[in-house]
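To start, the structure itself, in structure tokens.
The values are calculated or read from the model by the stated rules, or taken from the named source; none is laboratory data. The structure presented is a predicted model; accordingly, all values stated were derived computationally and were not measured. Positions of Cβ are generated from backbone atoms using ideal geometry, with glycine treated the same way; all protein chains shown enter the neighbour counts. Remember, those area values only see protein heavy atoms, side chains included, never the ligands or the DNA or RNA. Shrake-Rupley method; radii C 1.70, N 1.55, O 1.52, S 1.80 Å.
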Amino acid sequence: MYLKPNRKFFFINEIEKEFEKKSIPSIDVGDSIKMSILIQEGNKQRIQNIEGVIIAKHKSQLSTTITVRKIVQSIGVERVYLIHSPLIQNIKIIKKSKIRRAKLYYLRSRSGKATRLKTKFK
């Protein structure tokens with residue numbers, strides 16, 4: 001059975017391509033990253049650096065998200081970020097890790113040295 005291409009879907013993709021960022025490195029689950037995010041406090045703006053491990057990635061073109069986990073004062077903090085958001089200034093990969101799973105949710109139940117991932121060498 002042949003399905004006709006949906007014209008409405010085609011136009012949405014064309015509009016979304018204008019807003020996609022071209023300068024994003026190829027990030028994968030298990031990478032340790034450092035991100036610079038623009039934060040609005042009242043009427044002032046500042047850049048805050050965030051460092052952590054990507055434990056999940058949801059691909060959906062313009063609305064692609066990553067879940068970043070970091071440890072702050074011995075408490076695990078996770079946050080979901082839109083990759084193509086204008087608030088994200090840049091993303092820098094610190095370390096790539098060798099993993100076997102698509103989602104690293106098992107890191108939630110681990111602490112200390114048990115959260116280390118094997119480094120991937122080229």
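Here E20 meets the list (1) in contact (Cβ under 8 Å) with a residue 12 or more places away in the chain; (2) loosely packed, with under 12 Cβ neighbours inside 10 Å; (3) more than 26 Å from V77 (Cα to Cα) almost entirely, failing just condition (2).
Selection of first residues in the stretch 85-106 that are assigned to a loop (DSSP other than H, G, I, E, B) and of second residues that are of a type in the set (D, E, K, R) and open to solvent by 90 Å² or more (accessible area, probe 1.4 Å), restricted to Cβ pairs under 6 Å at least 6 apart or on distinct chains, gives the following pairs, ordered by first then second residue: K96/K120. Residue count for the stretch 50-79, restricted to those that are open to solvent by less than 90 Å² (accessible area, probe 1.4 Å), touching a strand residue (DSSP E or B) at 6+ places or on another chain (Cβ under 7 Å) and part of a strand (DSSP E or B): 17.
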